[in-house]
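Student: Just passing along the structure, written as structure tokens.
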Amino acid sequence: MTPDQKLATRFEELIGYIGENNQHLIIEFLTGDFQLTLPNGTVKTAQEWIDDLDEDLFDLDEATLEDIATTAGEETGSATAQVQLVGTAYEQDVTGPHRFEATFIWTFSDWFIKSLKITQV
């Protein structure tokens, strides 16, 4: 598997876990200094996002990947995806198309996500 394919697979897995609200598996993908940027511009740390998932503040019914593009270097990578969301986040209906933009680092023989920016399309 090429680095681009491995990165794409990792990003697809993460989006699937986001759609399942599976904070126990999501946290395994995040770096310690991870940042999530929400469509309204709010920035969350890894722990804040995991806590929000645990408290059902970020409560999706599904996240369906529609398109993905990746670029993988030796130590860093990036990925963008068009994702159809169904559910609520922070008491707002977020159902509809969104763009996920992520940066990754290669460490411990795998890709870990450093940042994720979600924008409504």
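Student: On the accessible surface of the chain, probed at 1.4 Å, how many percent belong to carbon and sulfur atoms?
Tutor: In the chain, the share of accessible area belonging to carbon and sulfur is 46 percent.
Student: Taking only protein heavy atoms and a 1.4 Å probe, what accessible area per residue, in Å², does the chain have with all protein chains in place?
Tutor: Heavy-atom accessible area per residue stands at 54 Å².
Student: Could I ask something else about it? Subtract the Cα-Cα distance of E13 and E55 from 0.36 nm times their separation in residues, and report this length gain in nm to one decimal.
Tutor: 12.9 nm
Student: Next question, about the same structure. Based on the Cβ-Cβ distance of D110 and T88, what FRET efficiency does E = 1/(1 + (r/R0)^6) give at R0 = 35 Å, to the nearest 0.05?
Tutor: Efficiency, from the Cβ-Cβ distance: 0.65.
Student: Do you know the relative contact order of the chain, to the nearest whole percent, from alpha carbon pairs under 8 angstrom that are 6+ apart?
Tutor: Relative contact order of the chain: 26 percent.
The values are calculated or read from the model by the stated rules, or taken from the named source; none is laboratory data. No experiment lies behind these values; they were computed from the predicted model shown. Heads up, the Cβs are rebuilt from the backbone with ideal geometry, glycines too, and the neighbour counts pull from every protein chain shown. Ligands, DNA and RNA are stripped out before the accessible areas are found, and what is left, the full protein with its side chains, is counted by its heavy atoms. Shrake-Rupley method; radii C 1.70, N 1.55, O 1.52, S 1.80 Å.
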